[in-house]
1. Determine the pairs where a residue that is among the hydroxyl-bearing types (Ser, Thr, Tyr), located within the range 388-405, has a partner that is assigned to a loop (DSSP other than H, G, I, E, B) and open to solvent by less than 20 Å² (accessible area, probe 1.4 Å) with Cβ atoms under 8 Å apart, the partner being 6 or more residues away or on another chain.
2. Of the residues that sit in the range 1-38 and are of a type in the set (A, V, I, L, M, F, W, C) and surrounded by fewer than 16 Cβ atoms within 10 Å (Cβ to Cβ), which one is nearest to GLY309 (Cα to Cα)?
3. Can you find a residue that is open to solvent by 10 Å² or more (accessible area, probe 1.4 Å) and at pLDDT below 95 anywhere in the range 366-377?
4. Search the range 95-118 for residues being under 21 Å from the mean Cα position of the chain (by Cα) and assigned to a loop (DSSP other than H, G, I, E, B), and hand back the single one that is modelled with the lowest pLDDT.
5. THR392 is checked against (1) at pLDDT below 95; (2) crowded, with 23+ Cβ neighbours inside 10 Å and fails just one. What number does that condition carry?
6. Out of curiosity, is ALA76 in a loop (DSSP other than H, G, I, E, B), closer than 18 Å to ILE302 by Cα, open to solvent by 40 Å² or more (accessible area, probe 1.4 Å) and modelled with pLDDT under 75?
7. So which pairs qualify, if the first residue must be in the range 20-36 and farther than 13 Å from LEU7 by Cβ, the second must be crowded, with 19+ Cβ neighbours inside 10 Å and of a type in the set (S, T, N, Q), the Cβ gap must be under 7 Å, and the two must be at least 6 apart or on different chains?
8. Out of the residues in the range 126-148 meeting the condition of being among the aliphatic types (A, V, I, L, M) and within 19 Å of TYR390 (Cβ to Cβ), tell me which one is farthest from the chain's Cα centre (by Cα).
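The values are calculated or read from the model by the stated rules, or taken from the named source; none is laboratory data. Worth saying up front: this structure is predicted, and the values here are computed from it rather than measured. Here the Cβ positions follow ideal geometry from the backbone for every residue, glycine too, while neighbour counts run over all protein chains shown. SASA here: full protein model, heavy atoms, side chains in, ligands and nucleic acids out. Shrake-Rupley method; radii C 1.70, N 1.55, O 1.52, S 1.80 Å.
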Amino acid sequence: MTQAPLLRRITDYSSRADPYPLYEELRRTPVLHEEEGGPYVISSYYDIKGLLHDPRISSDAANATAADDEFSAPEATGLPPSFLRLDPPEHDRLRRIANSSFGPPHRPDRIDGLRGELGAIVSDLLDGLAGAERIDVVDQFAYPFPVTVICRLLGVPREEEPRFRAWVDPIVAGLDPGNRDDPGAPGPKAAQEARVQLGMYLAGLVEERTRDPRDDMLSDLVAGHGPDGAMSMMEVLSTAVLLLIAGHETTVNLITNGMLTLLRHPEYLERLRADPGLSVRIVEELLRYEPPVQLVPQRTCITDIELRGVTIPKGSRIWLVLAAGNRDPERFKDPDRFDPDREDIEHLGFGSGIHSCFGAPLARLEAQVALAELARRLDNPRLAEDPPPYRTNAVLRGPRHLNVDVDGVLP
């Protein structure tokens, strides 16, 4: 029987639980182009990092001449493209404004200042699991956590958080292309209605913050800091939705992949329980070893590019397989070993270059706080099934459920 093309095997759901042997095979052909009109797939660490910094690679879907697929389609938000899908100079202007409200130099303590509040949210979620003998880490912990955080960061009133989450659920579900075949998942109509309702709600908040600024991110985006001024209403909404969607799904996967990895490596779970400060190194190694974003498919050549003797024509799609680069033996010693003690963890988990993850400081802190508290408070946690069921999405890879048996939840 003829074997399916490698890229199809990588994106096939049957490979989701362990794609890493396929990534090893992929690295044997550093520039893979299997089908006419298909993407050029890049898998080595140094090539990926170089292209992430290469101005000849565009993130703007308007530059793509090839047909889109389910992994590289434009954002379906009904809003203008976020700066994630734009090139300089417009990308740089919007990102500078967003950064001014997200961290240094204008808000140097905004993220670190959330540490206590993040701890309180995590404690409340774990307190609600008292008496449980089995916990779904996804549905009962990792999924609600980042939604609550983003509500607080944007300035959504706490009494409105349940409404906000009700809109978020179908939108996030719509990110997973496999859900279109799941009769139990919210359909496209539900997702579109949720986007409309969420957009109207956020627009109302933006108008409120224009009249009455507060100490939250929406107020900062409206007010504007520095020479770039303020964002327009639509730009504020697009940025808020970007932070909501991109930050939510990746953080869920980072926490869940992290707990799964620790349960598979109990020696590090025990060390984390004894030393919460180890969470910093554990999270960095997780971002290399089990990154929540496996590949970046939204790139297009704006001119011919020569790479490893292969000409990638102008207009071609490029897929950057970050997870393959993160386990490249040319870059990392013993790359398939989970080792938070390794001296060098300069991973691609948050990308690199001008599109490096905007929310990385928040995602890091959320995962550190979450994993440290899970290690401390779950009494004798054990995987109920291994491997767990995975989401169908090959880009944002993580378990759909992570059922863990426990002897209790400690105070």
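1. Listed pairs, sorted by first residue: TYR390/ARG16; TYR390/ARG397; TYR390/GLY398; THR392/ARG16; THR392/ASP176.
2. Of all residues in the range 1-38, those of a type in the set (A, V, I, L, M, F, W, C) come to 1, 4, 6-7, 10, 17, 22, 26, 31-32.
Retained after the next criterion (residues that are surrounded by fewer than 16 Cβ atoms within 10 Å (Cβ to Cβ)): 1, 4, 17.
On the way: MET1: 31, ALA4: 25, ALA17: 33 Å.
By that ranking, first place goes to ALA4.
3. no
4. Looking at the filtered set, the residue picked out is GLY103.
5. (2)
6. Numbers: in a loop (DSSP other than H, G, I, E, B): yes; closer than 18 Å to ILE302 by Cα: no; open to solvent by 40 Å² or more (accessible area, probe 1.4 Å): yes; modelled with pLDDT under 75: yes.
For ALA76, the condition - in a loop (DSSP other than H, G, I, E, B), closer than 18 Å to ILE302 by Cα, open to solvent by 40 Å² or more (accessible area, probe 1.4 Å) and modelled with pLDDT under 75 - is not met.
7. ARG27/SER43; ARG27/SER44; PRO30/SER43; PRO30/SER44
8. Taking the range 126-148 and keeping what is among the aliphatic types (A, V, I, L, M), we get 126, 129-130, 132, 135, 137-138, 142, 147.
Then drop every residue that is not within 19 Å of TYR390 (Cβ to Cβ), which leaves 135, 137-138, 142.
Values: ILE135: 23, VAL137: 17, VAL138: 15, ALA142: 13 Å.
Only one residue fits best here, namely ILE135.
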